[in-house]
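Heads up: the structure comes next, in C-alpha cells.
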Amino acid sequence: MRRRHARLHTARSTVVTLSNAHLVYETSGDGAAITVALNLSGATAELPVPPSALSLLAGRGTRIPGRNAISLPGYGWAVLGTAPWAAATSASPPYLPTTG
C-alpha cells in the first residue's frame, strides 16, 4: 500500500472501533484516507466505518448502503478508501505485471 500511496508515509492513524474480535482504523493525510476493517471472529460482523470509507480497495466486505458500516465475513478483512485513493488504485501499479 505504501508504494501505491506515498502519502501514507506522513499520514495519521486513528482507531474507529476496537474490541476483542474487531478492529477498524483510519489512516488519513493530504485530504484522503484509507480505512482497514478486521473481523477476527468466525461470525459475520457489521462494523462502523468513517464516512470517508467510500469504496472497497482490497479484501472482502460489503459496504452497507445508507449507513456508515461494512459487513465482513468471518475472519474477513477489507481496505476502503476515499475517491482520490480509489482512483489511484484503479490502474495496475507499475511494479506488478499485467495480464492480457
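FYI, it's all coordinate maths here, none of it is from the lab. Because the structure is a prediction, the values reported are computed rather than measured. Ideal geometry is used to build each Cβ from the backbone, glycine not excepted, and the neighbour counts take in all protein chains shown.
Which of rounded, prolate, oblate describes the range 6-85, given a ≥ b ≥ c as roots of the alpha-carbon gyration tensor eigenvalues and a/c under 1.5 marking rounded, otherwise prolate only if a/b is larger than b/c? In terms of gyration-tensor shape, prolate. Sorting 21-28, 42-49, 62-69 by their mean Cβ neighbour count within 10 Å, with the most densely packed peptide first, gives 21-28, 42-49, 62-69. In this label model, Arg60 and Ser41 are separated by 1.8 nm, measuring between points 7 Å along each Cα→Cβ vector.
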